[in-house]
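Undergrad: This is the structure I want to talk about, given as structure tokens.
The values are calculated or read from the model by the stated rules, or taken from the named source; none is laboratory data. Note that the coordinates shown come from a computational prediction; the quantities given were computed from them, not determined experimentally. Note that each Cβ is placed from the backbone with ideal geometry, even for glycine, and that neighbours are counted across all protein chains shown. Ligands, DNA and RNA are excluded from the accessible area calculation, which covers all protein heavy atoms including side chains. Shrake-Rupley method; radii C 1.70, N 1.55, O 1.52, S 1.80 Å.
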Amino acid sequence: MNYESGSLEGEPLALEGPARDARRRRRWIVIVALVIVALAVSGYVYSSRKGPVHSSVADQAPNVTVVVPGSAPVGRVINATGSLAAKRDMPVGVAGEGGMVTRVLVEPGQWVAAGQVLAIVDRSVQVQTAASLQAQTGVAQSDLVLAQQELERAQQLVGRGFISQADLQRRIATRDAAAARLKVARAAVAEQGARNRRLDIRAPEPGLILTRQVEPGQIISSGSGTLFRMAKGGEMEMQALLAEGDLVNIRVGDAATVTPVGETRSFAGKVWQVSPVIDPKTRQGVVRVQLAYDPALRPGGFASVKLVAGTSSAPQLPQSAIMSDDRGNFVYIVGADDKVVRRDVRLGTVTDRMVAIASGLSGKERVVRSAGAFLNPGQKVAPVLGKIEG
């Protein structure tokens, strides 16, 4: 009894292990089947939304912005330094015999007209001399009047036989001599007047007073040197030093932009003279840039200049399109097959925004505007036409 009961109760215990394993296997089979069905359904849904699984390579190509640079006028910019000066620096000194300066009528920075008196020299002695000469002119005038009257009386008497022909000739000579003395006296007065006028220091041309080197009470003469310096018409210039290699590219009339030291402003000008000689020691020549007057343009000051040496047509690109490596500068262009191609270029004028391409491009290519560092030659891209922006 006990045996049978034990057998009946022990049987389920003996079958428990295999049954549990079978149940586990069935559970895993169901799970795997459900996963396979889920994947199949997901793939179907994805395919129905996105199209065929096997998409083309072009659909996967990255979008790349390209620009067509074309061709535009570009000037070659040459940078140089030099000094500011008056275009026509006019020294003004003593034209007459000089003397003691009594008054100085102008200051540096003042505009003057042609012939305007800059300084007055004492002329007390010269005034007395002029008065004496003027009196002598009066005497000569009286002598001439008397000689003329005597000649007229002699001409009336010679016909009556009271005066000989010889006496008449003498009176004619006396009259002519008196007339000559009057002319000499008048010339002496005019000469003294001119001398007196030259005592004043006058501006030879209209312009701007730059310096004053004379004061009242100073004794001046023809050896005193420069008393004033003037800029004729107030015109200024910059004298830029250029290497001989750059000098040959500059022409009269070329545009220039001058920036004095310490100034935030720049001043437009143009080349009005190119030095015909080269300094054999420095191998440099001088280019003179004409400038309109401005108080900021002080003669003797230092300045920099950008000279535009002529213009030519060339493609221009933003700086983001230019790349470089050990082989030099290059850009990426997109060919007709939408594949990236490297193109070596030589740079021309570089500005803050744009770079002129001296050689390597015709201007009709589709050039990658930016992000070229992330591309490789031969790579397929989807080009998007953009604008040229620096």
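Undergrad: Considering the options Ala85, Ala130, Phe228, tell which one lies farthest towards the positive end of the dipole of the chain, charges being +1 on Lys and Arg and -1 on Asp and Glu at the Cβ, about the Cα centre.
TA: Ala130
Undergrad: Moving to a separate point now. Counting only other residues whose beta carbon sits under 10 Å from that of Gly328, what net charge do I get with K and R as +1, D and E as -1?
TA: -1
Undergrad: Oh, and also: Rounded to the nearest 10 Å², what accessible area does Lys87 show when all protein chains are kept and the probe is 1.4 Å?
TA: The value for Lys87 is about 30 Å².
Undergrad: Taking all protein chains in place and a 1.4 Å probe, what share, in percent, of the accessible surface of the stretch 190-296 do carbon and sulfur account for?
TA: 51 percent
Undergrad: Turning to a different aspect of this structure: State the Cα centre-to-centre distance between the stretch 264-321 and the stretch 86-136 in whole Å.
TA: Between the Cα centres of the stretch 264-321 and the stretch 86-136 lies a distance of 39 Å.
Undergrad: Using Cα positions and a limit of under 26 Å, work out the lysines in reach of Lys306, with same-chain residues fewer than 8 apart set aside.
TA: By straight Cα distance, Lys306 reaches Lys87, Lys232, Lys270, Lys281.
Undergrad: Relative contact order (percent) for the chain, with alpha-carbon contacts under 8 angstrom and 6 or more residues of separation?
TA: Across the chain, relative contact order equals 25 percent.
Undergrad: Still on this model: Cα-based Rg of the stretch 262-390 per 2.2 N^0.38 Å, rounded to two decimals?
TA: Normalised Cα radius of gyration, the stretch 262-390: 1.51.
Undergrad: What list of ³J(HN,Hα) couplings, whole Hz, do you get for the stretch 229-238 from phi and the Karplus terms 6.51, -1.76, 1.60, once you set θ to phi - 60° and write x for glycine and proline?
TA: 10, 10, 9, 4, x, x, 6, 10, 8, 10
Undergrad: Still on this model: What FRET efficiency comes out for the pair Gln60/Thr264, r = Cβ-Cβ distance, R0 = 51 Å, nearest 0.05?
TA: Using R0 = 51 Å, I get an efficiency of 0.45.
Undergrad: Rounded to two decimal places and with Rh computed the Kirkwood way over Cα pairs, what is Rg over Rh for the chain?
TA: In the chain, Rg relative to Rh is 1.59.
Undergrad: Hey, another quick one. Against the longest principal axis of the chain, how steep is helix 165-199, in degrees 0 to 90 to the nearest 10, with axes from Cα atoms?
TA: Here the helix axis deviates by roughly 30 degrees.
Undergrad: Related question: Multiply the residue gap between Gln134 and Arg198 by 0.36 nm, knock off their C-alpha separation, and tell me the result in nm, one decimal place.
TA: 21.2 nm
Undergrad: Evaluate Rg over Rh across the stretch 67-122, taking Cα atoms for both radii and Kirkwood's formula for Rh.
TA: Rg/Rh: 1.42.
Undergrad: May I ask you to derive the FRET efficiency for Glu235 and Met100 from their Cβ-Cβ distance with R0 = 35 Å, giving the value to the nearest 0.05?
TA: 0.55
Undergrad: How much accessible surface does Arg76 have with a 1.4 Å probe, in Å² rounded to 10?
TA: 100 Å²
Undergrad: With every protein chain present, what is the per residue accessible area of the stretch 59-148 (1.4 Å probe, Å²)?
TA: For the stretch 59-148, the per-residue accessible area is 52 Å².
Undergrad: Moving on. Count charges around Gln273 for me, please; just the other residues with Cβ under 13 Å from its Cβ, Lys/Arg as +1, Asp/Glu as -1.
TA: +2
Undergrad: Next up: For the stretch 216-226, what does the Karplus curve 6.51 cos²θ - 1.76 cosθ + 1.60, with θ = phi - 60°, yield as ³J(HN,Hα) per residue in whole Hz, taken in order and with x for Gly and Pro?
TA: Each residue's phi maps through the Karplus curve to give x, x, 6, 8, 10, 8, 5, x, 6, x, 7 Hz.
Undergrad: Work out the P(r) tail for the stretch 252-322: percent of alpha carbon pairs separated by more than 18 Å, whole number.
TA: Result for the distance tail: 54 percent.
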